[in-house]
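As structure tokens, the structure follows; a few thoughts come after it.
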Amino acid sequence: MAFTDETLRELTALTGVVLAQQDLASVQQEITRIAVRALPGAEGATITTMVDGRPAASAASDDWARQLDEMQYVEHEGPCLDAMRTGNTHRVRDLDDEQRWPFYRVRARQAGARSIVSFPLASEGRLVGALNVYSRSPDAFSSEDVSIGDIIAAHTGLATQVATAYFGHRDLADQLRTAMLSRAVIEQAKGIVMAGRGIDADDAFDLLRTTSQHRNTKLRDVAQQVVDALSARALD
């Protein structure tokens, strides 16, 4: 199978998509755009996943593709749902000739779709969703396009797994960093209150906590105000 230069560039871009984005949602969004660019016949792409037990378009290259996904959720039938349920790729050469999914087929055709391919997404050995590509032209996706889509879908499952771990660890690190900074500010404020009022550490903390509750303000913010007030006096 020979790839065009454009397809090779887009497949190469997949390898760095996690590090180039800020969160899982933006990773999946970029993958849908890559899919459209990598497959010449594609005019829209989506990623379908389960959210709170229900299918949802977690990413879409455009509103048209998202609409075609959401129609399937309403009708409870369609290629992306079947790909996600069965683990098999579902290819629609032309909706005008398609006999499966009778209710969805009519609505999708009215929206302008003619060709669809839905690829199952797997992560850590289980089905987690589907990658879907859409076209307004009949028979827009060749067998080679389906093979390319299989590669993109396989990488999407891996990228989702890596992104979930990567961004989860990053968020945890950010939370720990914030907690450490908050603790440092609170300890500073306690020392200031102890020195100013001649009380011990427990009483100083209780005073800060009581002030926080009365002002309906976070304890860290009250502590920062105490530290800032001392700094302002020192500069006078």
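Starting from the Cα-Cα distance between residue 94 and residue 64, subtract it from 0.36 nm times their residue separation and give me the gain in nm to one decimal.
Working: separation 30, 0.36 × 30 = 10.80 nm, distance 1.76 nm.
Length gained, residue 94 through residue 64: 9.0 nm.
List the residues whose amide H sits under 5 Å from the amide H of residue 44, counting only those 5 or more places along or on another chain, with H placed 1.01 Å from N in the peptide plane.
134
Quick check: the distance between the Cα centres of region 86-119 and region 180-219, to the nearest angstrom?
63
Of 82, 94, how do they rank once you tally other Cβ atoms within 10 Å and put the fewest first? Walk me through the intermediate numbers first.
Numbers: 82 19, 94 14.
Least crowded to most crowded, the residues run 94, 82.
Give the order of 64, 101 when sorted by the count of other beta carbons within 10 angstrom, beginning with the fewest.
The order, fewest Cβ neighbours first, is 64, 101.
Please list 3J(HN,Hα) in residue order for region 207-216, calculated via the Karplus relation 6.51 cos²θ - 1.76 cosθ + 1.60 where θ = phi - 60°; whole Hz, with x for glycine and proline.
Each residue's phi maps through the Karplus curve to give 5, 5, 5, 5, 4, 4, 5, 5, 8, 6 Hz.
Quick one: which residues, 5 or more positions from residue 139 or on another chain, have an amide H under 5 Å from its amide H? H modelled 1.01 Å from N in the peptide plane, none for Pro or chain starts.
So residue 139 has HN proximity to 94.
Please work out the FRET efficiency for the pair residue 51 and residue 158, using the Cβ-Cβ distance as r and a Förster radius of 30 Å; give the result to the nearest 0.05.
The calculated FRET efficiency here is 0.90.
Among 143, 58, 212, 137, rank each residue by its count of other Cβ atoms within 10 Å, from fewest to most, as a rough exposure measure.
143, 137, 212, 58
We did not get these values from a lab; they are worked out from the coordinates using the rules stated. Bear in mind the structure is a predicted one, so any value in this text is a computation, not a measurement. Virtual Cβ from ideal backbone geometry, glycine too; neighbours counted across all protein chains shown.
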